[in-house]
Every structure is written in C-alpha cells, then in structure tokens.
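The values are calculated or read from the model by the stated rules, or taken from the named source; none is laboratory data. Keep in mind that this is a model prediction, so the values were computed, not measured. Cβ: placed from backbone, ideal geometry, glycine included. Neighbour counts: every protein chain shown. For accessibility, only protein heavy atoms count, side chains too; no ligands or nucleic acids. Shrake-Rupley method; radii C 1.70, N 1.55, O 1.52, S 1.80 Å.
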Amino acid sequence: MPGPPKVSVLMNCLNGARWLREAIESVQAQTYEDWELIFWDDNSVDESWLVAKQMARSDPRIQCYRGPGGQTLGMSRTLATEKAQGRYLAILDCDDVWQHQKLAVQMEMMQHPAIVFCFSDCEIIDEGGQVTGTAFARTPPPPDGQTSLYRALLTRPNFMLCPTILFRTEAVRRLGSFRLTFGSAETYDLCVKLAKYQMVAWTSMRLAQHRRHAGQFNGTGKAAIYWEVLKVMQEHR
C-alpha cells in the first residue's frame with residue numbers, strides 16, 4: 001500500500017469557477033507528482049463545486065469538501081488543513097496558477113531540516129493572464145538572515161504571496177494553524193509567527209502567478225486587510 005502524499009495543496013474557494021480549472025490543472029501539471037489537493041468550497045453559488053467534482057472523478061489525488069458558508073478564510077483554511085495528510089502544506093487559491101516546477105524546486109529547498117517554510121518571487125497577472133509585474137520588483141525580501149526577514153514582514157509592503165509558500169505541516173499545526181478570526185491576513189499572520197524564531201528560505205525564481213482582478217477587492221475588503229495586518233504588527237512591535 002502506498003503511503004500518504006508528501007505535499008497537501010490547500011485550495012479554498014468561494015465562487016471561483018471562472019479560473020478554477022486553470023488553477024487545478026497547474027497542480028496536475030507539476031513535475032513533482034507526490035501531492036494531494038484539498039479542495040474546500042465555502043458553499044459557492046456558481047459552478048465551482050461542479051468543476052472540482054468533475055476533475056476529481058478523473059484524478060483521485062483531488063479531495064473535495066464543502067463547508068456551510070459564512071466562515072472566515074482563516075477558519076476555512078484551518079478546516080482544510082485538518083484534512084491534509086502531507087508533511088508539507090502549500091496554498092493555491094482558485095484564481096492563481098503555479099509554474100510546472102514549483103513543487104519540485106521548493107521540495108529541494110525544504111531538504112534543510114531547520115527551514116520551516118519557503119517562498120519565491122511570482123508574476124502578477126491580470127484577468128486575461130497578461131503579466132503586469134512581479135512581487136519582488138516592488139518589494140524584494142531582505143538579502144540575509146532570519147531576523148531581518150521577520151522585521152521586514154512587519155515593516156515593508158508584502159513580498160510573500162500565498163501561491164508561492166510551502167510550509168512544514170507540523171510547524172503550522174504546532175501554532176494552531178491559521179487564525180480563525182481572520183478573513184484576509186490569516187496567512188501573513190502565520191508567516192510572521194513562524195519567521196520570528198525559525199529559518200525561512202526563498203528563491204528569486206518566479207514559481208507562480210498571482211492574479212489581480214476586480215472581484216478581489218472592495219472597500220470593505222481593503223479595510224479588513226488593513227485592520228488585520230495592523231493587528232499583527234501591533235502584536236509583534
């Protein structure tokens with residue numbers, strides 16, 4: 001009997017059918033194939049659930065779960081994490097895309113046992129998939145040292161985007177997973193906590209594409225992000 005997969009990919013979804021198939025196909029196209037995809041639908045009213053279930057029928061590595069809706073993203077990510085079997089945990093939202101070598105490169109990076117998570121540069125794309133910039137072009141991470149990275153997370157614009165991160169699952173669970181009350185900055189909060197005392201690695205390779213589109217942000221959503229990020233900064237000042 002084969003053992004559990006090495007990598008669990010969390011894909012949380014709320015009405016993300018437009019780009020969902022492309023996102024899942026980018027996981028299926030990975031050169032590193034020892035993964036499972038935990039698809040967690042937050043009671044979407046579009047075709048997201050149908051798309052994921054259809055793709056799962058032809059690929060047993062895709063596991064589909066559906067929540068009741070109305071939960072924070074932090075809660076939904078935590079519930080998805082509870083289903084994960086892998087020693088490593090990755091995040092890919094349903095409007096983002098991975099490059100084919102993403103997991104292979106990062107699994108090599110994680111061979112150092114002291115590294116608790118790693119991340120990379122990524123391309124920023126628009127609704128049509130056109131590249132409009134890169135994450136590191138705006139704010140490159142600090143050149144050296146765990147302490148400088150921790151401080152940079154608290155004092156500089158974000159350079160660490162969700163689709164580029166690979167965690168050790170044990171480390172995430174040791175901290176209680178994602179903050180349940182957060183709906184926007186739950187991954188940022190987790191990364192700051194992990195980076196405070198433990199080693200983090202990064203590469204300038206662009207291993208993912210992060211999509212920016214109108215449906216992501218509105219006035220209320222921006223305010224929530226700012227409030228949650230500020231709360232994290234205050235806790236770590």
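Values for this structure:
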{"item": "Tail weight of P(r) past 17 Å, computed on alpha-carbon pairs of segment 1-98, percent", "result": "44"}
{"item": "Calculated [θ] (222 nm, deg cm²/dmol) that DSSP helices of n ≥ 4 give over the chain, each run adding -39,500 (n - 2.57)", "result": "-11500 deg cm²/dmol"}
{"item": "Where segment 56-161 is the region considered: accessible area per residue in Å², 1.4 Å probe", "result": "45"}
{"item": "Debye, to nearest 20: dipole size of segment 40-165, +1 on Lys, Arg Cβ, -1 on Asp, Glu Cβ", "result": "480"}
{"item": "Listed residue pairs exceeding 23 Å between alpha carbons, taken from LYS53/LYS83; LYS53/LYS222; LYS193/LYS231; LYS102/LYS196", "result": "LYS53/LYS222; LYS102/LYS196"}
{"item": "Part-to-part distance (alpha-carbon centres) for segment 153-173 and segment 75-92, which is given in Å", "result": "14"}
{"item": "Antiparallel bridges, percent of DSSP beta bridges restricted to the chain (to nearest 5)", "result": "30"}
{"item": "Sulfur and carbon atoms: percent of accessible area, the chain [1.4 Å]", "result": "53"}
{"item": "Length-normalised contact order of the chain in % [C-alpha pairs under 8 Å, at least 6 apart]", "result": "24"}
{"item": "Percent of Cα-Cα distances greater than 20 Å, calculated over segment 99-237", "result": "49"}
{"item": "Percent antiparallel among DSSP beta bridges (both partners in segment 105-237, rounded to 5)", "result": "35"}
{"item": "At 0.890 mPa s and 25 °C, Stokes diffusion of the chain via Kirkwood alpha-carbon radius, µm² per second", "result": "137"}
{"item": "Rounded to the nearest 10 Å², the accessible area of TRP202 at probe 1.4 Å", "result": "90"}
